[in-house]
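The values are calculated or read from the model by the stated rules, or taken from the named source; none is laboratory data. Since the model is a prediction, treat every value here as computed from it, not as a measurement. Cβ placement follows ideal geometry from the backbone for every residue including glycine, while neighbour counts extend to all protein chains displayed. Note: areas computed on protein heavy atoms with side chains; ligands, DNA, RNA excluded. Shrake-Rupley method; radii C 1.70, N 1.55, O 1.52, S 1.80 Å.
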Amino acid sequence: MKKYIALLLIVVLSQLSSAQNYCSYLPYFSNNLYGLVNDKQEQIVEPKYKEAEIINEFSFVIFDKIHCYDLFNGKYVNIPYSKENSFVVISNELFVFNSKGNTLINPYTKEKIPLKLKYKFMYNRTFYDFKSKKSCDLIFAYTNDEKQLFFKNDKTLSPAIIGKYNFKNYDIIQINVDNFIQNIGLLILNEDKTFSCYNYDGTKSFKINTSEIEKTTEYAIEFKKSVHQKFVDFFGFESNFFPESFSFSNIGMASSGKFFNRFLDNIKLGDGYTLKINDYNYDLNSPNKTYFKDTKYDNIYHFNYSENQYYLKFTKKSTTDELHFFVNHPKINPNILMCPKEELIKFELMK
């Protein structure tokens, strides 16, 4: 019986662990340099890097274009710098794409994935399904002949959507839900002037026929009002943000969708100090407000829908020193402030 209970406990704990799937390591920014911290608030790498590029929504970080850390296990690898490099995560593994070599290489294992076509760059885009609450990373590959391909996130790089598309002929469907922007599908203009709308992983689609187009201007193709219901039926919910037209002016410029987790009650700093959310801003609450008189802490957080902008910024008025630490992402544990204790003390955010 004891063995059964122990086994059951292990299964439950593993399920909880896999369900949360939080980063164990994160970059932070202090005095104009980046370092690395773990989830015990221990400084793993002192601030010494000038740049930090976060890959695939807090899966990896690359400092100064060559120093790479896995943010789940902390493993380090040096990646020789090249301006032709771009980075993709396939099946949770990092691969470097170099447009001259036209091969994907895992810098940790040295595994290579040869590519059949010539590409300029490759990258991940995350899409979300509100019915199943699942997400899917598609791989976007931009060819030398300036066409876009959409691949499944596996090492076969099989097409998620069949075809090669001019960047002007597709748009990412984004929905504002609870003040957050999510990628939920793709809208593609076909050669026959119809449109195909695909879901988050490309497995389902519907068409908008030419008879459902209201008019075409030099800026956009406008849909008839009846098309709105097609989006509602297809995605399974109502939204005022479903496309009413296909724009020629902002194709390919849509911001990357995120799964924000804004509704956190508190982020604990320690010793009774907490950061509380108020709409888009964080307010610092403490037992002794005057202790923070030299710290700018009100309305200091800025939402930005790009891979490297999920941070709180603190500025000390006396020195103008800045401290940034990342928060408010599903891969970041909301109960742990990912910043070294010595930095929090130095910036008077922790006694």
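Odds and ends about this structure:
- Working note: Cα gyration tensor of region 121-168, eigenvalues times five, square-rooted, sorted largest first, giving semi-axes of 21, 12, 9 Å.
- Computed from the C-beta positions of Asp192 and Ser91, the FRET efficiency with R₀ = 41 Å rounds to 0.70.
- Per residue accessible area of region 87-191, 1.4 Å probe, in Å²: 46
- Assuming charge only on the beta carbon of Lys and Arg (+1) and of Asp and Glu (-1), the dipole of region 28-120 about its Cα centre is about 560 debye to the nearest 20.
- Loop-located trypsin sites (Lys or Arg not before Pro) in region 86-138 (DSSP state other than H, G, I, E, B) with a sparse environment of at most 13 neighbouring Cβ atoms within 10 Å: Lys100, Lys110, Lys116, Lys118, Lys131, Lys133.
- Projecting the Cα atoms of Phe150, Tyr170, Gln182 onto the dipole axis of region 143-192, where Lys and Arg carry +1 and Asp and Glu carry -1 at the beta carbon, places Phe150 farthest toward the positive end.
- Between region 171-242 and region 44-79, the alpha-carbon centres lie 37 Å apart.
- Normalised contact order of region 99-246, rounded percent, pairs of Cα under 8 Å and 6 or more residues apart: 14
- Nitroxide proxy distance, nm - points 7 Å out along Cα→Cβ at Lys75 and Phe237: 3.6
- Gain on full extension, evaluated as 0.36 nm per residue between Asn38 and Lys168 minus their Cα-Cα distance, stands at 42.6 nm.
- Extending 7 Å from Cα along the Cβ direction at Glu212 and again at Asn144 yields two label points whose distance is 3.9 nm.
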